[in-house]
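The values are calculated or read from the model by the stated rules, or taken from the named source; none is laboratory data. Everything quoted here is computed from the prediction, not taken from an experiment. Counting neighbours? That spans all protein chains shown, and the Cβs are built from the backbone with ideal geometry, glycine included. To get the accessible areas, we keep the full protein, side chains included, count just its heavy atoms, and leave off ligands, DNA and RNA. Shrake-Rupley method; radii C 1.70, N 1.55, O 1.52, S 1.80 Å.
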Amino acid sequence: MTATQAAELDRIERGLHDGAQARLVAMGMSMQAAEHLVDADPAAAKAILAEARASSVAALTELRSLVRGINPPVLAERGLVDAVRALALDAPVEVAVRSAVPSRPERPVESALYFAVAELLANVSKHAGATRATVELGYADRTLSATVTDDGAGGADLSAGSGLSGIGRRMAAFGGRLDIDSPAGGPTRVTVAVPCALS
């Protein structure tokens, strides 16, 4: 197993262990408590079951989020470039995609870049006030990179506790990096890059 595959497995295991699994265990305990109370105190049993139902909704939301973070079909079947082109077609702003990637990377690396680009394009749509964006996929010096540039207002700040810091942490898990150039007034240019070997 490669280091990138191990990092991806760790991410999935953490998501399951810390989120949905803990909620499901608590739900089971709550239902057991409700079973003991159902005859003696039906109102208390109903209250416990209502809490368990709310917990089941939260667990389902966490599982859906985790599954979304694994791989969409277009990425698994057609690779990073086509998957990013599909993101561009769905974006509410005009997005051009340019690629100079010679072959498919390992799946965990491909997935990490795909989800970073997806989040960056979502940020362009929600926060930048942009009308168009460009995604450039490249490979040089044994590093796979994606650069998202938009014509919005600029001012994106990694230190503001935004989603950008989360992207940076995910890139760091793969030995990669996040670079931001976003002067006030724009344009904003964000690059994510991960070391990998392509043929």
Enumeration of residues in segment 184-199 that are over 20 Å from Val84 (Cα atoms) and either surrounded by 14 or more Cβ atoms within 10 Å (Cβ to Cβ) or under 16 Å from the mean Cα position of the chain (by Cα) (or both): Gly186, Pro187
Among the residues listed as Glu110, Glu77, Glu119, the single one being of a type in the set (Asp, Glu), under 18 Å from the mean Cα position of the chain (by Cα) and over 27 Å from Ala153 (Cα atoms): Glu110
Single match in Asp181, Asp141 (criterion: free of Cβ contacts under 8 Å to residues at least 12 places away in the same chain, open to solvent by 60 Å² or more (accessible area, probe 1.4 Å) and either under 19 Å from the mean Cα position of the chain (by Cα) or closer than 22 Å to Ser111 by Cβ (or both)): Asp141
Those helices (runs of 4 or more DSSP H) lying entirely in segment 59-126 with at least 2 residues open to solvent by less than 70 Å² (accessible area, probe 1.4 Å), of a type in the set (A, V, I, L, M, F, W, C) and modelled with pLDDT of 90 or more: 80-90, 107-123
